[in-house]
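Engineer: Structure incoming, see below.
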Amino acid sequence: KQKALELAATIGQRQQLEKLFQFGEDRGSKANFWAIVDFNKPRTDKRLFIFDLKNKTFKSYHVSHGKKPGYLYATDFSNEIGTNKSCLGIYKTGTTYIGQNGRSLYLDGLEADNNNTRKRYIVIHQSQYVTDEIAGRSLGCFVVSTKYIKEVIDNIRDGSYLIAWHS
(Lines give C-alpha, C1' and ligand atoms only; values in the text may rest on other atoms or scores of the structure.)
Protein backbone atom coordinates (compact mmCIF):
# COMPACT_ATOMS: atom_id res chain seq x y z
CA LYS A 1 0.00 0.00 0.00
CA GLN A 2 2.77 2.45 0.91
CA LYS A 3 4.61 1.81 -2.36
CA ALA A 4 1.39 2.42 -4.31
CA LEU A 5 0.92 5.72 -2.49
CA GLU A 6 4.48 6.72 -3.32
CA LEU A 7 3.88 5.86 -6.99
CA ALA A 8 0.60 7.78 -6.92
CA ALA A 9 2.40 10.83 -5.54
CA THR A 10 4.75 10.87 -8.55
CA ILE A 11 1.76 11.39 -10.86
CA GLY A 12 -0.29 13.67 -8.61
CA GLN A 13 -2.80 11.01 -7.55
CA ARG A 14 -1.82 10.28 -3.93
CA GLN A 15 -4.78 12.03 -2.30
CA GLN A 16 -7.26 10.17 -4.52
CA LEU A 17 -5.62 6.79 -3.91
CA GLU A 18 -5.65 7.45 -0.15
CA LYS A 19 -9.38 8.21 -0.39
CA LEU A 20 -9.93 4.96 -2.30
CA PHE A 21 -7.92 2.92 0.19
CA GLN A 22 -9.90 4.34 3.10
CA PHE A 23 -13.20 3.70 1.35
CA GLY A 24 -12.27 0.14 0.36
CA GLU A 25 -10.68 -0.81 3.64
CA ASP A 26 -13.77 0.37 5.53
CA ARG A 27 -15.67 -2.21 3.47
CA GLY A 28 -13.16 -5.04 3.85
CA SER A 29 -11.84 -4.95 0.28
CA LYS A 30 -9.02 -7.32 -0.54
CA ALA A 31 -8.64 -6.13 -4.14
CA ASN A 32 -5.12 -6.12 -5.60
CA PHE A 33 -5.97 -3.44 -8.17
CA TRP A 34 -7.24 0.11 -7.58
CA ALA A 35 -8.10 2.58 -10.32
CA ILE A 36 -8.22 6.36 -10.66
CA VAL A 37 -9.66 8.46 -13.49
CA ASP A 38 -8.36 12.03 -13.37
CA PHE A 39 -10.76 14.23 -15.32
CA ASN A 40 -8.53 17.26 -14.70
CA LYS A 41 -6.42 15.94 -17.56
CA PRO A 42 -7.38 16.42 -21.22
CA ARG A 43 -8.50 13.46 -23.31
CA THR A 44 -5.14 13.60 -25.12
CA ASP A 45 -3.42 12.46 -21.89
CA LYS A 46 -3.52 9.08 -20.25
CA ARG A 47 -5.81 9.65 -17.30
CA LEU A 48 -6.90 6.18 -16.20
CA PHE A 49 -4.37 4.84 -13.69
CA ILE A 50 -4.52 1.26 -12.45
CA PHE A 51 -2.38 0.44 -9.43
CA ASP A 52 -1.23 -3.15 -8.92
CA LEU A 53 -0.65 -3.52 -5.19
CA LYS A 54 0.80 -7.00 -5.45
CA ASN A 55 3.53 -6.07 -7.94
CA LYS A 56 3.86 -2.46 -6.72
CA THR A 57 3.40 -0.95 -10.17
CA PHE A 58 0.87 1.07 -12.09
CA LYS A 59 -0.17 1.49 -15.72
CA SER A 60 -1.95 4.37 -17.39
CA TYR A 61 -4.42 4.43 -20.28
CA HIS A 62 -6.44 6.84 -22.34
CA VAL A 63 -10.08 6.94 -21.30
CA SER A 64 -13.07 8.84 -22.66
CA HIS A 65 -15.37 11.34 -21.00
CA GLY A 66 -18.99 12.11 -21.77
CA LYS A 67 -19.64 14.00 -25.00
CA LYS A 68 -21.79 16.79 -23.53
CA PRO A 69 -19.41 18.42 -21.05
CA GLY A 70 -16.57 19.71 -23.19
CA TYR A 71 -14.39 18.82 -26.10
CA LEU A 72 -10.83 18.47 -24.81
CA TYR A 73 -11.59 18.53 -21.09
CA ALA A 74 -14.54 17.21 -19.13
CA THR A 75 -16.00 20.42 -17.72
CA ASP A 76 -19.40 19.41 -16.37
CA PHE A 77 -20.60 16.22 -14.71
CA SER A 78 -23.98 14.70 -14.01
CA ASN A 79 -25.62 11.67 -12.47
CA GLU A 80 -28.86 12.25 -14.36
CA ILE A 81 -30.16 9.84 -16.97
CA GLY A 82 -29.89 11.10 -20.55
CA THR A 83 -27.24 13.77 -19.97
CA ASN A 84 -24.40 11.98 -21.81
CA LYS A 85 -22.04 13.33 -19.15
CA SER A 86 -19.48 11.54 -17.05
CA CYS A 87 -20.12 11.30 -13.34
CA LEU A 88 -17.69 11.52 -10.47
CA GLY A 89 -17.22 9.48 -7.32
CA ILE A 90 -16.26 6.03 -6.16
CA TYR A 91 -17.35 2.92 -8.03
CA LYS A 92 -17.06 -0.78 -7.30
CA THR A 93 -16.44 -3.00 -10.30
CA GLY A 94 -18.80 -5.84 -11.02
CA THR A 95 -18.94 -8.72 -13.44
CA THR A 96 -18.32 -8.73 -17.16
CA TYR A 97 -20.83 -9.20 -19.93
CA ILE A 98 -20.81 -9.28 -23.73
CA GLY A 99 -22.73 -6.38 -25.23
CA GLN A 100 -22.79 -4.27 -28.39
CA ASN A 101 -19.26 -3.04 -27.55
CA GLY A 102 -17.88 -6.52 -26.88
CA ARG A 103 -16.73 -7.60 -23.45
CA SER A 104 -17.66 -4.89 -20.96
CA LEU A 105 -17.50 -4.36 -17.21
CA TYR A 106 -20.40 -3.37 -14.96
CA LEU A 107 -19.82 -0.58 -12.44
CA ASP A 108 -21.79 0.28 -9.33
CA GLY A 109 -21.74 3.91 -8.21
CA LEU A 110 -21.37 4.10 -4.46
CA GLU A 111 -21.94 7.79 -3.84
CA ALA A 112 -24.72 10.31 -4.39
CA ASP A 113 -22.82 11.72 -7.40
CA ASN A 114 -22.90 8.37 -9.24
CA ASN A 115 -25.64 6.20 -7.75
CA ASN A 116 -27.51 6.09 -11.09
CA THR A 117 -24.63 4.28 -12.78
CA ARG A 118 -26.55 1.07 -13.49
CA LYS A 119 -29.69 2.95 -14.57
CA ARG A 120 -27.57 5.03 -16.96
CA TYR A 121 -25.73 1.94 -18.27
CA ILE A 122 -22.37 3.48 -17.37
CA VAL A 123 -19.78 0.73 -17.83
CA ILE A 124 -16.22 0.19 -18.95
CA HIS A 125 -16.06 -0.89 -22.59
CA GLN A 126 -13.91 -0.64 -25.68
CA SER A 127 -14.08 1.40 -28.84
CA GLN A 128 -12.00 2.25 -31.88
CA TYR A 129 -12.38 5.95 -31.03
CA VAL A 130 -9.89 5.56 -28.18
CA THR A 131 -6.33 5.25 -29.44
CA ASP A 132 -2.80 5.58 -28.11
CA GLU A 133 -2.99 9.32 -28.82
CA ILE A 134 -6.48 10.42 -27.78
CA ALA A 135 -9.71 9.26 -26.22
CA GLY A 136 -12.96 10.01 -27.99
CA ARG A 137 -16.07 11.10 -26.16
CA SER A 138 -18.74 8.70 -24.95
CA LEU A 139 -22.29 8.79 -23.64
CA GLY A 140 -20.81 8.80 -20.13
CA CYS A 141 -19.06 5.43 -20.13
CA PHE A 142 -15.40 4.89 -19.37
CA VAL A 143 -14.20 3.80 -22.80
CA VAL A 144 -10.69 2.46 -23.43
CA SER A 145 -8.86 1.28 -26.51
CA THR A 146 -9.69 -2.14 -27.95
CA LYS A 147 -5.94 -2.77 -27.64
CA TYR A 148 -6.09 -2.58 -23.81
CA ILE A 149 -9.65 -3.55 -22.87
CA LYS A 150 -8.81 -7.14 -21.89
CA GLU A 151 -5.97 -6.01 -19.65
CA VAL A 152 -8.04 -3.27 -18.01
CA ILE A 153 -11.07 -5.47 -17.37
CA ASP A 154 -9.08 -8.49 -16.21
CA ASN A 155 -7.23 -6.34 -13.69
CA ILE A 156 -10.11 -4.51 -12.05
CA ARG A 157 -13.20 -6.71 -12.44
CA ASP A 158 -15.11 -8.33 -9.59
CA GLY A 159 -14.71 -5.99 -6.65
CA SER A 160 -11.98 -3.45 -7.26
CA TYR A 161 -12.64 0.19 -6.57
CA LEU A 162 -12.35 3.06 -9.04
CA ILE A 163 -12.56 6.76 -8.31
CA ALA A 164 -13.33 9.38 -10.97
CA TRP A 165 -12.48 12.87 -9.84
CA HIS A 166 -12.15 16.50 -10.88
CA SER A 167 -11.00 19.43 -8.75
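The values are calculated or read from the model by the stated rules, or taken from the named source; none is laboratory data. Quick caveat: nothing in here was measured; it's all calculated off a predicted structure. Every residue, glycine among them, receives a Cβ derived from its backbone with ideal geometry; neighbour counts consider all protein chains shown. Each accessible area value is taken on the protein alone, full model and side chains, heavy atoms only, with ligands, DNA and RNA left out. Shrake-Rupley method; radii C 1.70, N 1.55, O 1.52, S 1.80 Å.
Engineer: Under a point spin-label approximation (7 Å from Cα along Cα-to-Cβ), what is the ALA112-GLU80 distance to one decimal in nm?
Structural biologist: Spacing of the two 7 Å Cα→Cβ label points: 1.7 nm.
Engineer: Regarding the stretch 46-166, what are the three Cα extents along the principal axes, ordered largest first, in Å?
Structural biologist: 37, 30, 29
Engineer: Shifting gears a bit: I'd like the accessible area for TYR148, computed on protein heavy atoms only with a 1.4 Å probe and all protein chains in place. Round to 10 Å², please.
Structural biologist: 60 Å²
Engineer: Sum -39500 (n - 2.57) across every DSSP H segment of at least 4 residues in the chain, then divide by the residue count to get the 222 nm mean residue ellipticity, nearest 500.
Structural biologist: One gets -5500 deg cm²/dmol as the mean residue ellipticity at 222 nm.
Engineer: Let me ask something else. Using a 1.4 Å probe, what is the accessible area per residue for the stretch 54-101, in Å²?
Structural biologist: Numbers: 2620 Å² over 48 residues.
In whole numbers, the stretch 54-101 has 55 Å² accessible per residue.
Engineer: If you don't mind, another one. Any idea what the relative contact order of the chain is, in percent, if you count C-alpha pairs under 8 Å spaced at least 6 apart?
Structural biologist: RCO, the chain: 26 percent.
Engineer: Right, something else. So, in nm, how far is label ARG14 from label LYS119 when the simple model puts each one 7 Å beyond its Cα toward the Cβ?
Structural biologist: Once both label points are built, they end up 3.9 nm from each other.
Engineer: Something else: Rounded to the nearest 20 Debye, what is the dipole magnitude of the chain about its Cα centre when Lys and Arg each give +1 and Asp and Glu each give -1 at the C-beta? Don't skip to the end; give the middle numbers.
Structural biologist: Numbers: 25 positive and 17 negative charges, 48 e Å.
With only Lys, Arg, Asp and Glu charged at Cβ, the dipole is about 240 debye.
Engineer: Considering only Cα-Cα distances, which of the following residue pairs are longer than 31 Å: LYS3/LYS85; LYS54/LYS85; LYS119/LYS150; LYS30/LYS67; LYS56/LYS85?
Structural biologist: LYS3/LYS85; LYS54/LYS85; LYS30/LYS67; LYS56/LYS85
Engineer: Starting with the highest mean, order 138-144, 91-97 by the number of other Cβ atoms within 10 Å, averaged over the residues of each peptide.
Structural biologist: Going by the mean number of other Cβ atoms within 10 Å, highest first, we get 138-144, 91-97.
Engineer: Another question, then. Taking the alpha-carbon distance from LYS46 and a cut-off under 16 Å, which aspartates and glutamates remain once sequence neighbours fewer than 8 residues away in the same chain are dropped?
Structural biologist: Qualifying aspartates and glutamates at Cα under 16 Å: ASP38, ASP132, GLU133, GLU151.
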